[in-house]
Amino acid sequence: MGDAKKLYIKTYGCQMNVYDSERMAEALGGQGYEPTGTPDDADMILLNTCHIREKAAEKVYSELGRFKGLKAANPDLKIGVAGCVAQAEGEEIMRRQPMVDLVVGPQSYHRLPELEAKAGGGAKALDTDFPQEDKFDHLARRPKASRGPTAFLTVQEGCDKFCAFCVVPYTRGAEASRPAERILEEARDLVERGVREITLLGQNVNAYHGAEGGLAGLIWALEKIDGLERIRFTTSHPNDMDEALIEAHGTCDKLMPYLHLPVQSGSDKMLKAMNRKHTRDQYFALIERLRAARPDLLLSGDFIVGFPGETGADFEDTMDLVRAVGYGQAYSFKYSPRPGTPAAERAQVEPEVATERLYRLQELLGQQQRAAQDAMLGRTVKVLFEKPGRLEGQMGGKSEYLHAVHVHAPDAQRGDIRAVKVTESAANSLGGTLAD
Ligand code: SAH
Ligand code: SF4
Ligand code: F3S
């Protein structure tokens, strides 16, 4: 088919954007678009953007600047901005960058085909509503083509928590859960297409309430799908970790022993200022219960340093919390004031002070990550193979604990789960030998 139009999507931000980009590509498939890996020959360019920190948001404009030449060479090229910057800035994007034809917020993707038809030739299309209908219900059903062994599946969107630093409640709207039947149907489809591992996504995934028994109820329903071997979920808020979900970590074989549970700070004063609605001790108590249910649980987290009002002592509380918990993996950020959020108006910490704290925290987290990886040496882990490695006969995949593992396995296929004895711990991955 020589006349298919080409769609180039570039995705920033979180996994929910990755999932949304897949769904947008599918929705535009109905308009005759096929994906392409480069903007150079595209008929439409879509940036799926992130507004979480200033750097992420500003990247959009530098990226758009790079498309000027393409637009000049091909006036029919349509340029769209989707995602959280689209939601936060709306029309302002077209004012700052007039070559943008289309702006669509994260809750309006099902209207993309209409918007695409309307935009171009000087006409602009914009939709940043929070419509009543569920976008996923109105998006095209997913195609049946085979795909890789891992997939994301959004089950919950939006956030009602209003942490004082965060734009998500404004860009993604109020918390909403997809009905369990829809999710199970989509999961079965994915498994038929070759998927073995599903990561359930939500800004507050454990606040999911679309199934009886909440997220734990959904996980148990997914557990019954033959051929689905692994379940993960992200991102969780400590206050929504209920007893059933904690227990599932010990009793549900398909639920992997890895949990991303951000705490942001180890200082009670900062937790309060951030409006996180729990204390440091409550977080410790939760970790203890989780580890009682699943002793080998690998924990991951997010941290913000230099939040307004953070003193040296507050920061030491964070370092102390990190030492006490022991993370297998974590993300840490310098606080970035975001327009419209409460903390943006407060007195800011000196940038050099925040930089120095970030450096120290990242050094500690890096050591812990390394230690968690080294602790796998000599152990046998189960690896889900995702793709061939760089060396002849090598396969790469992830362990239960989400460590990347490479192994010589010439007879293995993508999607196989094999026992691997870990013999090497390199900078960012493990090496091993087949043990089954
Ligand atoms: N829903 C998730 C996180 C969403 S944003 C949760 O509640 O944990 C991902 C991470 O970005 C956050 O956990 C936080 O660490 C970081 N983040 C969010 N807003 C930020 C800001 N204004 N400055 C710096 N980091 C921020
Ligand atoms: Fe943002 Fe807080 Fe909601 Fe997470 S819980 S998305 S950090 S407001
Ligand atoms: Fe970014 Fe929006 Fe995700 S702000 S982190 S893309 S929810």
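The values are calculated or read from the model by the stated rules, or taken from the named source; none is laboratory data. Remember, predicted model here, so these are calculated numbers, not experimental data. Don't worry about glycine lacking a Cβ; one is built from the backbone with ideal geometry, like all the others, and counts go over all protein chains shown. Ligands, DNA and RNA are excluded from the accessible area calculation, which covers all protein heavy atoms including side chains. Shrake-Rupley method; radii C 1.70, N 1.55, O 1.52, S 1.80 Å.
Laid out as a table, the results:
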item: Qualifying residue in region 41-57 (condition: open to solvent by 50 Å² or more (accessible area, probe 1.4 Å), within 16 Å of ligand 3 (Cβ to nearest atom) and in contact with a strand residue (DSSP E or B) (Cβ under 8 Å, 6 or more places away or on another chain)); result: yes
item: Helices (runs of 4 or more DSSP H) wholly inside region 221-328 that include at least 2 residues being farther than 23 Å from L201 by Cα; result: 268-273, 280-293, 312-325
item: Every pair of residues 6+ apart whose Cβ atoms lie under 6 Å, when the first sits in region 250-263 and is open to solvent by 10 Å² or more (accessible area, probe 1.4 Å) while the second is part of a loop (DSSP other than H, G, I, E, B) and modelled with pLDDT of 95 or more; result: G250/R294; M256/E400; Y258/Y401; Y258/L402; H260/T235
item: Selection count, region 97-115, where residues are more than 28 Å from A174 (Cα to Cα) and either of a type in the set (F, W, Y) or touching a residue at least 12 places away in the same chain (Cβ under 8 Å) (or both); result: 2
item: Residues satisfying the stated conditions in region 141-167, i.e. touching a strand residue (DSSP E or B) at 6+ places or on another chain (Cβ under 6 Å) and within 16 Å of ligand 1 (Cβ to nearest atom); result: F152, T154, V155, Q156, E157, G158
item: Segments classed as strands (runs of 3 or more DSSP E), wholly inside region 1-85, with at least 1 members that are farther than 30 Å from V155 by Cβ and of a type in the set (A, V, I, L, M, F, W, C); result: 78-82
item: Yes/no for E181 being over 22 Å from the mean Cα position of the chain (by Cα), at pLDDT 95 or above and either more than 25 Å from L218 (Cβ to Cβ) or open to solvent by 10 Å² or more (accessible area, probe 1.4 Å) (or both); result: yes
item: Selection from region 404-432 of residues that are in a loop (DSSP other than H, G, I, E, B) and open to solvent by 20 Å² or more (accessible area, probe 1.4 Å); result: P410, D411, Q413, R414, D416, A426, A427, N428, S429
item: Any chance P169 is of a type outside the set (G, A, S), without any contact (Cβ under 8 Å) to a residue 24 or more places away in the chain and open to solvent by less than 50 Å² (accessible area, probe 1.4 Å); result: yes
